[in-house]
Amino acid sequence: MEKLEGKLSARGRKFALVASRFNSLITRQLIAGAQDCLLRHGAEDKDLTLVWVPGSFEMPLAAKKALESGKFNAVICLGAVIRGETPHFEYVAAEAAKGLAQVALSGGVPVTFGLLTPDTLEQALDRAGAKSGNKGADAAAAAIEMADLLASMG
Ligand code: INI
C-alpha cells in the first residue's frame, strides 16, 4: 500500500508567521516556540517572515495575503483570545477561527492554527510554554509536516 505522509523537515522551506499584537505577552511566547521548532527542524532564520497584525480578528486577511504572495510554503497563525478578559470573546474567537478555516482551504499552501482560546491568562501562559507545551511550536510542527506532505503529493 502506498503511504503518503509529511516528514518533519523544514529544510529549504519558507514560512510566514502571522501573529497578533493583542495579548502579545502570550503571542511573543508562541512566536518563540514556533521559531525554535522551525529552526530545530532545519529551517533557516532568513526564510522566516514575521507578520504582525493588530488582533486575532485580522489574522485571516493577513494569512490570505501571505499565501497568495506565493512566497511561502506554509503560513502559521498565532494568537490568543482569553475568555475571561473580554465580552467580545465569542465574536473574536469564532470569526478568527472561521476566517482561518476558510483561508486554509482557499489556496495550495497549508495554514496552521495556533490560536489559543483559554478561559484565563494563566491557562494561556500554560499553553505558551509554561506548563502544557507551546501551541506555537505545535502549529509550526503541523506546518512543517503539511508543507512536506503537499510537496510529496505533487
Ligand atoms: N484580539 C485578540 O487577538 N485577542 C483578544 O482577546 C481580543 N479581545 O479581547 O477583544 C482581541 N480583540 C481585538 C480584535 O482581534 C481586533 O483586532 C479588533 O476588534 C479590531 O478589528
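Read-outs: derived from the displayed coordinates by stated rules, not from any lab. Everything quoted here is computed from the prediction, not taken from an experiment. A quick note on method: Cβ atoms are made from the backbone with ideal geometry, for glycine too, and the neighbour counts reach across all protein chains shown.
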inquiry  = Apply the Karplus curve 6.51 cos²θ - 1.76 cosθ + 1.60, θ = phi - 60°, to the phi angles in region 119-126 and return the couplings in whole Hz, x for Gly and Pro.
reply    = 7, 9, 4, 4, 5, 4, 4, 4
Quotient of Cα Rg and 2.2 N^0.38 Å for region 1-97, N being how many residues it contains = 1.20
note = A correct Karplus calculation of ³J(HN,Hα) over region 32-48, with 6.51 cos²θ - 1.76 cosθ + 1.60, θ = phi - 60°, whole Hz and x for Gly and Pro, returns 4, x, 5, 4, 4, 4, 4, 5, 5, 9, x, 6, 10, 4, 5, 9, 10
remark   = Taking r as the C-beta separation of LEU4 and TRP52 and R0 as 41 Å, the FRET efficiency to the nearest 0.05 is 0.75
inquiry  = For a protection proxy built on the mean count of beta-carbon atoms within 10 angstrom, sort 94-102, 134-142 highest first, please.
reply    = 134-142, 94-102
ask   = Given the chain, what percent of its DSSP beta bridges are antiparallel, to the nearest 5?
value = 5 percent
request  = For the chain, build the charge dipole from Cβ charges (+1 Lys, Arg; -1 Asp, Glu) around the Cα centre, then report which of ALA62, GLN29, ALA96 sits farthest towards its positive end.
outcome  = ALA62
key: Karplus (6.51, -1.76, 1.60) ³J(HN,Hα), θ = phi - 60°, over region 15-28, in Hz, Gly and Pro reported as x   = 10, 9, 10, 9, 10, 8, 6, 5, 6, 5, 4, 7, 5, 4
Using alpha-carbon coordinates, inclination of helix 59-68 to the longest axis of the chain, degrees = 20 degrees
task = Could you tell me which of the pairs LYS64/LYS98; LYS64/LYS131; LYS3/LYS46 are separated by over 22 angstrom between their Cα atoms in the structure shown?
result = LYS64/LYS131; LYS3/LYS46
note = In degrees, nearest 10, the alpha-carbon axis of helix 89-106 is tilted away from the dominant principal axis of the alpha carbons of the chain by 10 degrees
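Rounded to the nearest 500 deg cm²/dmol, what is the calculated helix-only ellipticity per residue at 222 nm for the chain, with -39500 (n - 2.57) per DSSP H run of length n ≥ 4?
So the helix-based figure for the chain works out to -15000 deg cm²/dmol.
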query = In what order do MET146, MET153, MET59, MET1 fall by count of nearby beta-carbon atoms within 10 Å, going from fewest to most?
reply = MET1, MET153, MET146, MET59
inquiry  = Once each part is reduced to its C-alpha centroid, what is the distance from region 98-139 to region 35-71 in angstrom?
reply    = 13 Å
note = At q = 0.18 Å⁻¹, the log10 of I(q)/I(0) for region 15-153 from a Debye sum over equal Cα scatterers comes to -0.93
inquiry  = Just to confirm the number: angle between the C-alpha axis of helix 135-153 and the first principal axis of the chain, 0 to 90 degrees, nearest 10?
reply    = 30 degrees
key: Other-chain or far-sequence residues with amide H under 5 Å of LEU115's (modelled H)   = GLY79
key: region 15-153 - charge dipole about Cα centre, Lys and Arg +1 at Cβ, Asp and Glu -1, debye rounded to 20   = 160 debye
